[in-house]
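Okay, so here's the structure we're looking at.
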Amino acid sequence: MRWACTVAGGAAAGALLLTAGTDARASAGETAEPAPARLVHRFLQIEISPDAAFVASVEGDSPPNGFYPPSRDLVVRRVRDGAATRIVMPCGQVPECWPGAPAWAPDGKHLSFALRTPGAHARSVYTVAADGSGLTKLLDFSGTIDALKYGPDGRLAMLATENANKEVGATEAGAPISGDLNQATPEQRIAVLDHGALHFASPPDMFVYEYDWRPGGAGFVGTAAPGDGDNNWWSAKLYAFSAADGVAKVLYGPTDIRQQIAAPRVSRDGATVAFIAGIMSDFGSTGGDVYTLPLSGGPATNLTPAMHASASALAWHCDGRLHAQLLAGDQVQLVDLGAGRQAAAARVLWSGAESLSNGGEFASTACPSAVMASEKQSFTQAPEIAVGPVGHWRNLTASNAGLHTPAHVQSIWWKSDGFDVQGWLLLPEQSGGKLPMVTTVHGGPAAAVVPFFAGPGLTSTLLEQGYAVFRPNPRGSYGQGERFTLANVRDFGHGDLRDILAGIDAAAKVAPIDTARLGITGGSYGGFMTMWAVTQTDRFKAAVAAAGISNWQSYYGENGIDAWMLPYFGASVYQDPAAYAQSSAINFIRNVKTPTFEYVGERDIECPAPQTQEFWHALKDLNVPTSIMIYPGEGHGLRDPAHSADAMRRTLEWFDKYLKG
């Protein structure tokens with residue numbers, strides 16, 4: 001339940017801070033209208049061609065107070081000089097006519113991609129030359145298609161869900177709850193496009209989450225689980241899928257329910273598969289230790305035992321060595337883990353208080369040149385595509401040139417219950433006197449705040465209006481190894497809240513924070529922590545909970561992903577109700593004095609709307625100032641720009657009323 005958009009992950013936007021240019025009338029003494037906010041251009045997926053001549057990207061502008069671009073382009077840029085070609089889509093440049101999953105053919109001359117049909121769960125697959133010519137349809141498909149990958153033999157594989165009734169992923173809006181709920185759900189399968197026909201290469205009763213080709217025509221390796229794909233990822237195993245008949249053979253299955261697996265990557269010689277394993281609260285929010293497994297048979301090896309960091313992405317380098325992206329405290333790192341056969345100290349190739357992102361994947365790398373391409377950004381510097389050898393990147397784009405968040409950013413550390421805890425404090429560039437402060441708790445809980453350019457949104461608007469913003473990474477977060485990430489198991493809301501409160505005290509020691517004017521907000525797990533915090537302390541004078549969880553006991557039977565709870569609570573709510581009761585905000589609701597605004601998506605299956613409604617109803621009954629918005633048609637995170645703009649307007653008004661009023 002990560003929800004990394006709107007208030008949860010800092011991608012919320014407003015229309016006040018980031019402007020460009022000066023109205024000429026102002027210099028003439030006339031009153032100038034505010035310049036419109038420049039939208040942040042996002043690069044959602046990036047792929048460099050094998051010859052390092054071109055970079056393809058799916059990109060678009062984030063709307064005010066949102067992250068997901070409503071319109072998206074497929075652009076091919078020449079690495080030599082950055083010359084760009086926008087591929088014209090057959091359905092035109094309209095919302096939800098979305099290209100995705102770009103994949104270069106092995107010769108680097110053609111690019112294949114999936115195209116979403118507006119208003120339907122349907123896809124087509126196209127190929128196009130690097131110069132934008134020769135656009136050709138390869139496939140029409142009734143369902144969803146993702147993760148296109150060319151194999152060593154030149155065939156194109158993908159993940160395909162036939163007759164999908166929703167977009168893939170638990171954060172997407174759920175299908176209507178009606179009809180036979182016991183009916184089998186559509187399964188996402190590995191499929192190969194061969195001479196215009198699609199052949200499935202994994203079983204029909206198994207949902208495949210991630211996969212990779214094996215060289216030599218041996219088939220595939222992937223993470224998968226039978227049944228409901230939204231719910232069963234937490235029990236997924238690592239499989240080998242036969243090229244001949246798609247039969248699945250288990251390679252690795254975690255023996256501890258607190259371990260999930262992600263990011264399977266087959267070595268260039270086909271002998272080894274690497275993967276990340278650890279406690280993870282969501283598919284796509286990856287963190288843990290790095291393991292390898294010989295494909296000829298044998299046990300898995302943890303290459304990073306007791307690592308004081310969390311791996312988030314993997315890739316086998318051109319020279320056959322295993323590389324990983326880590327979050328190590330407040331640093332993002334790229335490291336070399338050697339041949340991947342035994343545990344060894346990671347050799348740091350690059351480290352910085354910046355983010356490298358490529359849709360959750362490792363930076364795209366061309367071989368044999370080892371030139372990389374990735375989106376690069378920080379809290380204050382807007383994203384651009386960077387290319388070059390590791391650590392020697394240059395910007396290929398200037399799409400966000402001139403955008404800058406005027407803020408002082410500090411990484412602060414503090415002690416809490418014997419843990420070293422880290423967080424980010426953002427302060428306005430210009431301020432006088434003591435500042436009200438809003439603490440934003442990230443989703444997850446297995447996630448982390450990393451340097452990310454939010455753009456014109458909640459964080460930037462709060463800074464402009466004279467607030468400090470505190471972004472803590474309490475226990476349960478990534479960045480300090482598995483012991484730290486596991487530290488909130490069977491303890492939701494208790495130790496992690498102590499970490500946050502101690503962090504607020506630490507922030508007040510290094511900056512002019514008015515501790516009598518504190519607010520708290522967050523989405524998903526951050527929404528739960530907001531609801532929980534106001535039942536445990538009166539320190540916060542205003543709160544905004546997005547897609548929160550107020551009652552773990554009723555939540556267990558309402559959500560569509562209850563499997564995620566077993567690693568954290570140790571048993572189902574029916575087996576151990578006390579474990580759920582001790583962390584349920586609703587059981588302490590009579591303690592609340594803090595005015596609280598709540599909002600949620602109507603079709604959220606991760607944190608269903610009744611949880612928000614239950615909390616709001618209780619506060620209303622107890623005469624605590626409260627307000628609620630349930631946004632129609634939305635899932636776990638607001639996609640409609642009008643909804644995200646409305647949520648931010650209400651959030652700002654709430655904080656202004658109770659922290660400045």
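If you count, for each residue, the other Cβ atoms within 10 Å and average over each peptide, how do 382-388, 279-285 line up from highest to lowest?
Those peptides, ordered most packed to least, come out 279-285, 382-388.
Which whole-angstrom value gives the distance between the alpha carbon centres of the stretch 485-512 and the stretch 570-601?
Using only Cα atoms to place each centre, the spacing works out to 19 Å.
Calculate, in nm to one decimal, what ALA197 and ASP153 gain on full extension: separation in residues at 0.36 nm each, minus their alpha carbon distance.
Between ALA197 and ASP153, full extension yields 14.2 nm more.
Magnitude of the Cβ-charge dipole of the stretch 417-528, K/R +1 and D/E -1, about the Cα centre, nearest 20 debye?
80
Just to be sure I understand the model, the point goes 7 Å from the Cα along the line to the Cβ. What's the resulting ARG650 to ASP140 distance in nm?
4.2
Given H placed 1.01 Å from N in the peptide plane, which residues other than close sequence neighbours of GLU384 have an amide H under 5 Å from its amide H?
LYS376
What is the set of long-range amide H partners of GLN45 at a cut-off below 5 Å, with H atoms built 1.01 Å from backbone N?
Under 5 Å from the amide H of GLN45 lie the amide H atoms of VAL58, each far enough along the sequence or on another chain.
With a 1.4 Å probe and every protein chain left in place, work out the accessible area per residue of the chain in Å², rounded to a whole number.
I get 37 Å² per residue for this part.
Work out Dmax and Rg for the stretch 576-660 from the C-alpha atoms and quote the Rg first, both in angstrom.
Cα only, the stretch 576-660: 14.2, 43 Å (Rg, Dmax).
Report the relative contact order of the chain, percent, no decimals, based on alpha-carbon pairs under 8 angstrom and at least 6 residues apart.
About 13 percent, as a whole number.
Any chance you could run the full-extension gain for PHE588 through ARG539? It's 0.36 nm times the residue separation minus the Cα-Cα distance, nm to one decimal.
Fully extending the segment from PHE588 to ARG539 adds 16.1 nm.
May I ask you to order 324-334, 124-134, 451-461 by the average number of other C-beta atoms within 10 Å around their residues, highest value first?
451-461, 324-334, 124-134
Any chance you could tell me what percent of the C-alpha pair distances in the stretch 414-562 go past 25 Å?
It works out to 26 percent of all Cα pairs.
Compute the separation of the alpha-carbon centres of the stretch 373-394 and the stretch 291-362 and state it in Å as a whole number.
19
Report the Rg/Rh value for the chain, based on alpha-carbon coordinates and the Kirkwood definition of Rh.
A ratio of 0.95.
Give the cross-link partners of LYS237 among the aspartates and glutamates, using a straight C-alpha distance below 19 Å as the criterion and excluding same-chain residues fewer than 8 apart.
Within the straight-line cut-off, LYS237 pairs with GLU187, ASP205, GLU210, ASP212, ASP228, ASP256, ASP282, ASP289, ASP562.
Could you work out how far helix 495-510 tilts from the main Cα principal axis of the chain, as a 0 to 90 degree angle to the nearest 10?
Helix 495-510 and the main axis of the chain meet at about 70 degrees.
Kirkwood Rh over Cα pairs of the stretch 406-475 into Stokes-Einstein at 10 °C, 1.306 mPa s: D in µm²/s?
For the chosen part, D equals 123 µm²/s.
What lysines could a cross-link reach from LYS593, if we take a straight Cα to Cα line under 18 Å and drop same-chain neighbours fewer than 8 places away?
The qualifying lysines are LYS541, LYS620, LYS657, LYS660.
Can you give me the convex hull volume of the Cα atoms of the stretch 294-349, divided per residue and expressed in Å³?
Roughly 85 Å³ of hull volume per residue.
Over all alpha-carbon pairs of the stretch 34-103, lay out the pair-distance distribution in 5 Å bins, whole %, shortest bin first.
Here the calculated profile for the stretch 34-103 is 3, 16, 23, 23, 16, 11, 5, 1, 0, 0.
Could you give each residue of the stretch 213-219 its phi-based ³J(HN,Hα) in whole Hz, using Karplus coefficients 6.51, -1.76, 1.60 with θ = phi - 60°, and x for Gly or Pro?
After applying 6.51 cos²θ - 1.76 cosθ + 1.60, I find 5, 9, x, x, x, 7, x Hz.
Quick one: if the Förster radius is 45 Å, what FRET efficiency do SER351 and LEU622 give, using the C-beta to C-beta distance and rounding to 0.05?
That gives a FRET efficiency of 0.35.
Using θ = phi - 60° and the Karplus form 6.51 cos²θ - 1.76 cosθ + 1.60, what ³J(HN,Hα) does each residue of the stretch 194-204 get, whole Hz, x for Gly and Pro?
With coefficients 6.51, -1.76 and 1.60, one gets 9, 6, x, 10, 9, 10, 7, 10, 9, x, x Hz.
Scan around HIS110 for amide H atoms under 5 Å from its own, H built in the peptide plane at 1.01 Å from N, and keep only partners 5 or more places away or cross-chain.
ALA105
Rounded to the nearest 500 deg cm²/dmol, what is the calculated helix-only ellipticity per residue at 222 nm for the chain, with -39500 (n - 2.57) per DSSP H run of length n ≥ 4?
-4000 deg cm²/dmol
Per residue of the stretch 557-570, what does 6.51 cos²θ - 1.76 cosθ + 1.60 with θ = phi - 60° give for ³J(HN,Hα)? Whole Hz please, x for Gly and Pro, Karplus curve as stated.
Running phi through 6.51 cos²θ - 1.76 cosθ + 1.60 with θ = phi - 60° gives x, 9, 7, x, 9, 5, 4, 5, 7, 4, x, 8, 9, x Hz.
At 7 Å along Cα-to-Cβ for each site, give me the label-to-label distance between MET629 and VAL250 in nm.
Between MET629 and VAL250, the label points sit 4.7 nm apart.
At 0.36 nm per residue, minus the direct Cα-Cα distance, what do ARG490 and CYS367 gain on full extension? Give it in nm, one decimal, please.
That pair, ARG490 and CYS367, stretches by 39.7 nm at full extension.
What lysines sit close enough to LYS509 to cross-link, taking a C-alpha to C-alpha distance under 19 Å and skipping anything fewer than 8 places away on the same chain?
LYS415, LYS434
At a 1.4 Å probe, what is the % contribution of carbon and sulfur to the accessible area of the stretch 242-300?
That share works out to 50 percent.
With r defined as the distance between the Cβ atoms of ALA398 and GLN430 and R0 fixed at 25 Å, what FRET efficiency is calculated, to the nearest 0.05?
0.35
What distance in nm lies between label points placed 7 Å from Cα along the C-beta direction at TYR574 and ALA83?
Result for the modelled spin labels: 6.5 nm.
Provide the percentage of antiparallel DSSP beta bridges, counting only those with both residues in the stretch 418-564; round to the nearest 5.
Here the antiparallel bridges make up roughly 25 percent for the stretch 418-564.
For an R0 of 30 angstrom, estimate the FRET efficiency from the Cβ-Cβ distance between LYS660 and ARG483 and round to the nearest 0.05.
0.15
The values are calculated or read from the model by the stated rules, or taken from the named source; none is laboratory data. Keep in mind that what you see is a predicted model, and the values were worked out from it rather than measured. We place every Cβ from the backbone using ideal geometry, glycine too, and count neighbours over all the protein chains shown. Heavy atoms of the whole protein, side chains included, go into the accessibility calculation; ligands, DNA and RNA do not. Shrake-Rupley method; radii C 1.70, N 1.55, O 1.52, S 1.80 Å.
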